[in-house]
Amino acid sequence: MDEQRTGPAADGSTGLDRRAELSEFLRTRRARLKPEDVGLPDFGRHRRVPGLRREELAQLAGVSVAYYTRLEQGNGRNVSAEVLDSIARALRLTDAEHAHLTHLAKPKQHKKKQVARDRQVRPALRQLLDSLDTVPAYVVGRRSDILAWNRMAAALFGDWGKLPAQERNWARLVFLDPDCRELFVEWDQKAYDMVAYLRMDAGCHPDDPQLSSLVGELSVKSEEFRRLWAAHDVKEKSHGVKRVRHPLVGELTLFFESFRPAGETEQSLVTYFAEPGSPSAEALRLLGSWGADARRSGTSAPTV
């Protein structure tokens, strides 16, 4: 099991160890590549490590073995953007993985006051949520914290307003709430996505003690989370399809889109919608009629 390593942050609190994160990320990306994937000969039984050797990766990236070894050991000091680009190409990184590598190797300085501001949802954005009266929508922030939502989101996912503020977190719900496990038909994919999102956050904010605390809690309480966290996979919130199993209206197939509101760097607006005329669209209409009562038992929901 990959241990979750921490170290002192700038304010004396505990955060993730950025050097260890950089080292493990590069090692796991290198291990997933086979020689034939990059046009190199495979000597079969003579290979002692999974994936590419360091010297093979260094050759592909056009850097010295010693230089790449220092980087994979977590020493990203003074590494140039051009070298990171070359390594990203050699490792066949996705855009999200390339951004994550850059965050780990060349971290940006963040102002402490920005943390509190990133949890504040603009009044106009809250009004936009309320105006989407037929579309489940919510605003998610750092660490997958759920910051604001509309009545349709409460009808579909549950009344988050009844939870303490610190428990309004998607990662905590996905891995620790049995009802949430039943809600998503492809729970394994949802779990993978949540961990990949948290990894992206960890790259951008390795000195965030709240993120470190969340990772530590989930690592202790969930074996699935420990396994996924050790993979070091990263992913950006974007768009896709989710199948939801609602206790009142049954299974819905919903499309989702994530948007970054103008001027916001840490918040995303996530919306869910169904194909017009589909059974899922009718199910959403019924949920809208029931409102917040839609997550209660069928006997207590009002008649439509």
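The values are calculated or read from the model by the stated rules, or taken from the named source; none is laboratory data. This structure is a prediction, so every number in the text was calculated from the model and none was measured. Note that each Cβ is placed from the backbone with ideal geometry, even for glycine, and that neighbours are counted across all protein chains shown. Heads up: the accessible areas ignore ligands, DNA and RNA and are worked out on the full protein's heavy atoms, side chains in. Shrake-Rupley method; radii C 1.70, N 1.55, O 1.52, S 1.80 Å.
Miscellaneous remarks
- Candidates Lys190, Lys235 - the one that is in the same structural domain as Tyr138 (by the TED database), within 16 Å of the chain's Cα centre (by Cα) and either modelled with pLDDT under 95 or part of a loop (DSSP other than H, G, I, E, B) (or both): Lys235
- Qualifying residue in region 256-267 (condition: under 21 Å from Arg143 (Cβ atoms), buried (at least 20 other Cβ atoms within 10 Å of the Cβ) and modelled with pLDDT of 90 or more): yes
- The single condition among (1) at pLDDT below 90; (2) in contact with a helix residue (DSSP H, G or I) (Cβ under 7 Å, 6 or more places away or on another chain); (3) open to solvent by 80 Å² or more (accessible area, probe 1.4 Å) that Asn78 does not meet is (2).
- Filtering Arg122, Arg172 for residues that are closer than 21 Å to Ala191 by Cα and either modelled with pLDDT of 95 or more or surrounded by fewer than 16 Cβ atoms within 10 Å (Cβ to Cβ) (or both) leaves a single hit, Arg172.
- The condition (being aliphatic (A, V, I, L, M) and touching a Leu at 6+ places or on another chain (Cβ under 8 Å)) is satisfied by just one residue among Leu173, Leu218, Leu183, Leu228: Leu218.
- Hey, Tyr197 open to solvent by 60 Å² or more (accessible area, probe 1.4 Å) and either assigned to a helix (DSSP H, G or I) or out of contact with any helix residue (DSSP H, G or I) (no Cβ under 6 Å at 6 or more places or on another chain) (or both) or not: no
- Checked across region 181-193, the condition of being of a type in the set (S, T, N, Q), over 20 Å from Glu264 (Cα atoms) and surrounded by fewer than 19 Cβ atoms within 10 Å (Cβ to Cβ) holds for at least one residue.
- Within region 238-255, if we keep just the residues that are free of Cβ contacts under 8 Å to residues at least 24 places away in the same chain and not in a loop (DSSP other than H, G, I, E, B), the residue that is most open to solvent (accessible area, probe 1.4 Å) turns out to be His239.
- So Phe184, is it touching a Lys or Arg at 6+ places or on another chain (Cβ under 6 Å) and modelled with pLDDT of 95 or more: yes
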